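Chemist: Quick one: this structure, given as structure tokens, is what I'll be asking you about.
Just so it is clear, none of the values below were taken in a lab; they were calculated from the coordinates. What you are looking at is a predicted structure, and each value in this text was computed from that prediction instead of being measured. Because the Cβ atoms are built from the backbone with ideal geometry, glycine has one as well, and the counts that use them run over all protein chains shown.
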Amino acid sequence: MSLKEKLAEKIEQQRLRTAKLLKEYGDVKVDEVTISQVVGGMRGIKSMVTDISYLDPEEGIRFRGYTIPEVLEKLPKMPGAEMPYVEGQFYLLLTGEIPTEEDVQELAEELKKRKALPEYVKDMLRAMPRDTHPMTLFAAGIVAMQRESKFAEYYEAGHFNKNTAWEPTLEDALDLMAKLPVLGAYIYRMKYRGDTFIPSNPDLDLGGDFANMMGIPKPYDDVARMYFILHADHESGNVSAHTAHLVASALSDVYYSYSAAMGGLAGPLHGLANQEVLKWIQELMKNKSGGKVPTKDELKKFVEETLASGQVIPGYGHAVLRKTDPRYMAQREFALNHLKDDPIFAVVSMLFEVVPPILSSLGKVKNPWPNVDAQSGVIQWHYGVVEYDFYTVLFGIGRALGVLANLVWDRALGYAIERPKSVTTDMLEEWAGIH
Ligand code: NMX
Ligand code: MLT
């Protein structure tokens with residue numbers, strides 16, 4: 001059964017579940033909302049639905065019901081690879097099923113056909129100042145490709161229908177997913193490697209070809225596979241996934257939606273934190289410990305100075321998680337195997353000991369433990385990607401796996417335009433009994 005046939009079957013079943021919930025149980029209460037949630041970033045309000053992934057505060061992410069160790073163990077791998085095919089993760093997120101090797105190869109072939117980056121995107125990127133942040137180049141490249149949207153063409157032709165709208169959305173999702181690694185690597189080579197573009201190799205899988213286009217030898221192919229798989233999704237309330245869902249709810253296509261999402265990912269409290277971690281560690285080693293691994297006392301002092309200057313400790317804390325992020329642990333395991341003697345990894349490991357008690361002692365930080373961003377940059381640095389302002393682009397390529405799968409399902413289930421209600425401060429005061 002092809003991916004599209006499999007999805008059609010699953011969508012049919014899921015539509016029945018959603019329709020029943022809406023028709024017969026629409027009035028069942030899911031949550032109540034307090035003033036601190038309304039003012040405080042809607043934290044914890046249960047107000048969205050997705051089956052692609054679920055984030056438990058204590059356990060961490062499950063992709064389609066599978067924990068990270070399960071995903072890394074169950075998804076097919078190519079012979080000799082340490083990490084599974086990224087294509088397998090995309091298949092799992094789209095369909096909810098662990099793919100066979102054959103399913104993976106079919107999807108990989110489909111993506112290979114679609115990966116050519118339009119020449120006008122390259123021209124546009126070249127015309128932009130070279131000191132433009134790579135996330136700006138990335139988001140601009142995505143929105144520039146909007147003219148390729150099959151969904152926009154279908155809508156424009158007057159074919160919009162709630163039953164079929166997912167089909168051109170799937171086409172767009174496959175097109176965009178195929179092109180993002182090429183776009184990312186193109187930006188990297190243009191900006192940091194003197195415009196020395198390395199063409200895609202049609203014989204390689206997504207992770208392998210990304211390493212090839214970046215110009216980085218093994219085991220960077222496995223690093224890329226691990227990185228994209230781990231960053232794929234974090235349920236739907238995170239800033240990037242939520243932004244994409246919100247924009248798409250206006251029937252905007254995936255190019256508009258995903259480029260908007262990348263604006264959110266580029267914020268330092270979200271995806272940019274991975275760049276901030278490396279920048280912060282470099283500053284520490286350069287200014288405080290003479291280029292060497294600092295002592296624990298030097299590290300503590302630096303953490304305290306950062307906090308005293310009003311900044312957050314990048315890579316620590318989370319809006320939902322209340323334990324160490326399992327994505328941090330998966331990358332730590334990789335680092336323990338491959339970069340045990342790396343001095344920056346030594347600092348990252350010391351931070352894991354030093355930071356949590358200091359953050360806990362502040363009495364206000366709800367989660368003093370590291371998140372995914374505390375560990376990802378050091379691995380990139382170790383393999384030669386030392387231009388840390390590029391790290392969020394890598395996050396953006398990975399995050400597309402889950403977000404694009406969600407957008408296909410948003411269309412399939414005909415989710416409504418998102419439009420929550422706002423209130424005024426006067427109203428909050430009145431409900432609080434202040435007036
Ligand atoms: N360092 C210092 N203070 C922190 C930290 C931190 N790492 N994390 C939270 N706090 C503070 C936070 O600023 C807030 O202070 P105030 O009341 O003075 O405004 C207080 O603790 C309570 O915040 P929480 O409820 O614990 O966290 P919230 O849900 O609001 O924010 C983050 C979550 C992730 C934005 C926050 O923990 C943070 O800023 N972390 C550092 C940046 C980071 O690593 N972001 C990446 C997140 C993962 N990702 O990839 O997106
Ligand atoms: C993510 O991966 O999106 C981050 O951990 C942030 C979040 O979940 O809010």
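Chemist: Which trypsin sites (Lys or Arg not before Pro) does the range 235-299 hold that lie in a coil by DSSP with at most 12 other beta carbons within 10 Å?
Modeler: Answer by residue number: K292.
Chemist: Related question: Per residue of the range 325-342, in order, report the coupling 6.51 cos²θ - 1.76 cosθ + 1.60 (Karplus, θ = phi - 60°) as ³J(HN,Hα) in whole Hz, putting x for Gly and Pro.
Modeler: After applying 6.51 cos²θ - 1.76 cosθ + 1.60, I find 5, x, 5, 5, 5, 5, 6, 5, 4, 4, 5, 5, 7, 10, 9, 3, 9, 6 Hz.
Chemist: Follow-up. I'd like the distance between the alpha-carbon centres of the range 256-322 and the range 176-240, rounded to an integer number of Å.
Modeler: Value for the Cα centre distance between the two parts: 23 Å.
Chemist: Turning to a different aspect of this structure: Sorted by mean Cβ packing within 10 Å, highest first, what order do the peptides 4-11, 243-250 take?
Modeler: So the peptides 4-11, 243-250, ranked by packing, come out 243-250, 4-11.
Chemist: Using the Kirkwood radius over Cα pairs, work out the Stokes-Einstein diffusion coefficient for the range 125-181 at 10 °C and 1.306 mPa s, in µm²/s as a whole number.
Modeler: 124 µm²/s
Chemist: What GluC sites (Glu not before Pro) in the range 19-72 are in a loop by DSSP, with at most 15 other Cβ atoms within 10 Å of the Cβ?
Modeler: Here the sparse-neighbourhood loop sites are E32, E58, E59.
Chemist: What spacing in nm lies between the two simple spin-label points modelled at T67 and K340, each 7 Å away from Cα in the Cβ direction?
Modeler: 2.5 nm
Chemist: A follow-up question, please. So which chymotrypsin sites (Phe, Trp or Tyr not before Pro) in the range 249-344 are both in a DSSP loop and have at most 11 other Cβ atoms within 10 Å of their Cβ?
Modeler: Sites meeting the loop and neighbour criteria: none at all.
Chemist: Also, I was wondering about something else. Can you compute the helix-only [θ] at 222 nm over the chain? Use -39500 (n - 2.57) per DSSP H run of at least 4 residues, normalise by all residues, nearest 500 deg cm²/dmol.
Modeler: After summing the helix terms and dividing by the residues of the chain, the value is -18500 deg cm²/dmol.
Chemist: May I pose another question? Here are some pairs, K288/K323; K46/K421; K301/K364; K23/K162; K46/K366; which of them have Cα atoms lying more than 23 Å apart in this structure?
Modeler: From the list (K288/K323; K46/K421; K301/K364; K23/K162; K46/K366), the Cα-Cα distance tops 23 Å for K288/K323.
Chemist: Which lysines have a Cα lying under 21 Å from the Cα of K191, excluding residues fewer than 8 positions away in the same chain?
Modeler: K115, K122, K179, K279
Chemist: Can you list the aspartates and glutamates whose alpha carbon sits under 16 Å from that of K300, skipping same-chain ones fewer than 8 residues off?
Modeler: E283, E353
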